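Asker: Below: one structure in structure tokens.
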Amino acid sequence: MPHFDHLAFAFTEPPATAPAHVVRRTLQTHGVNPRVRLAPSSRGSQLLIFGDVHDRENTMMRAPLPFLDHTIMLERHNEINNRFLFQHEICAALSIEDYPLEHWNRDHIIHCVAPFANPHYIDPICLSGMDYSAVITVVKAEQLADIPHHVNFKNHDSFGSVGRVYVVHVKDIDGPDSDSDPDSDGDSDGELDGGESVSLNADSPNPSPPPASHNSLTPPNNTTPSFLQQRPSGAPSVQAAPLLHRPTAVQVLLTPG
């Protein structure tokens, strides 16, 4: 929420034919001409996007603002009547299995848990592109009953899938609820029993989908595996063939080159 503390709504009484012009002229003449940008809004006459919180608060102190036959009233964006308060009571580590690969990225992981809990952390292995067994994430919720057993995923091509949600660990949140802003830095609330975690910040990398396999079980003749082509000079290498039957003995040979 601190990232949005420069916003406010403007209400024009009585309504004006050109509300943007009236609001702007009012701010210029009676609102000490703050740094502000106007945008259409479903609430009030205009959304006011101030340069910073100080510009907003200096203007709020002068409201309501009269202009000709109109009066401009201002309302902070977090004080409107569709807001409500709630309290996070638990912090839970979830394992989401059968997670669809086309949704396996940071933004979609956040969106899939947001309807029932506040996403707080994602296990870094899930964003490494190396492990696609399950999505491990830590969320904050009002109560354990809010966490469903399944999550539905619907794609644009009319195909969907169902992910299974398992609660790995739960702990009660004692004292005032800390900030669960996904863009905040990591803290101890993101770890359960000392486990490593990663903050949901904007720099978290999204893994690429698993690469398509074009190789058969047995490499074709005269083909050098890519890991041998890219090895550093002088480094030892290991080449293995798939086991088609249980061996009676195993022999390892080390050869130069």
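Asker: Can you report the number of residues in the range 128-173 which are of a type in the set (Phe, Trp, Tyr), assigned to a loop (DSSP other than H, G, I, E, B) and in contact (Cβ under 8 Å) with a residue 40 or more places away in the chain?
Answerer: Our first condition is that a residue be of a type in the set (Phe, Trp, Tyr); within the range 128-173, this holds for 132, 153, 159, 166.
Imposing the further condition that a residue be assigned to a loop (DSSP other than H, G, I, E, B) reduces the set to 132, 159.
Pick out the ones that are also in contact (Cβ under 8 Å) with a residue 40 or more places away in the chain and you get 132.
The qualifying residues number 1.
Asker: Mind counting the residues in the range 61-101 that are crowded, with 16+ Cβ neighbours inside 10 Å and in a helix (DSSP H, G or I)?
Answerer: Number satisfying all stated conditions: 1.
Asker: Name, by its number, the condition in (1) in the same structural domain as ASN155 (by TED's automatic domain parsing); (2) surrounded by fewer than 17 Cβ atoms within 10 Å (Cβ to Cβ); (3) not hydroxyl-bearing (Ser, Thr, Tyr) that does not hold for ILE122.
Answerer: Just one mismatch for ILE122, condition (2).
Asker: So, in the range 1-29, how many residues would count as being part of a helix (DSSP H, G or I), among the β-branched types (Val, Ile, Thr) and buried (at least 17 other Cβ atoms within 10 Å of the Cβ)? Steps first, answer last, please.
Answerer: Going through the range 1-29, the residues part of a helix (DSSP H, G or I) turn out to be 2-4, 19-29.
Subsequent filtering for residues that are among the β-branched types (Val, Ile, Thr) retains 22-23, 26, 29.
Next cut, buried (at least 17 other Cβ atoms within 10 Å of the Cβ) only: 22-23, 26.
Counting residues in the range 1-29 that are part of a helix (DSSP H, G or I), among the β-branched types (Val, Ile, Thr) and buried (at least 17 other Cβ atoms within 10 Å of the Cβ) gives 3.
Asker: Within the range 41-54, count every residue that is of a type outside the set (Phe, Trp, Tyr), buried (at least 21 other Cβ atoms within 10 Å of the Cβ) and outside any loop (DSSP other than H, G, I, E, B).
Answerer: Residues that pass the stated criteria total 2.
Asker: Regarding the range 163-174, can at least one residue be identified that is within 25 Å of PHE84 (Cα to Cα) and among the basic types (Lys, Arg)?
Answerer: Within the range 163-174, one or more residues are within 25 Å of PHE84 (Cα to Cα) and among the basic types (Lys, Arg).
Asker: Checking VAL32 against (1) surrounded by fewer than 17 Cβ atoms within 10 Å (Cβ to Cβ); (2) modelled with pLDDT of 90 or more, which single condition isn't satisfied?
Answerer: For VAL32, the failing item is (2).
Asker: Right, another one. Residue check: is HIS108 surrounded by 11 or more Cβ atoms within 10 Å (Cβ to Cβ) and in contact (Cβ under 8 Å) with a residue 24 or more places away in the chain?
Answerer: Working: surrounded by 11 or more Cβ atoms within 10 Å (Cβ to Cβ): yes; in contact (Cβ under 8 Å) with a residue 24 or more places away in the chain: no.
For HIS108, the condition - surrounded by 11 or more Cβ atoms within 10 Å (Cβ to Cβ) and in contact (Cβ under 8 Å) with a residue 24 or more places away in the chain - is not met.
Asker: Moving to a separate point now. Exactly one condition in (1) on the phi > 0 side of the Ramachandran plot; (2) not assigned by TED's automatic domain parsing to the domain that holds LEU127 is not met by GLY31; state its number.
Answerer: (1)
The values are calculated or read from the model by the stated rules, or taken from the named source; none is laboratory data. Here the structure is a predicted model, which is why all the values come from computation and not from measurement. Reconstructed Cβ throughout: ideal geometry from the backbone, glycine too, with neighbour counts over all protein chains shown.
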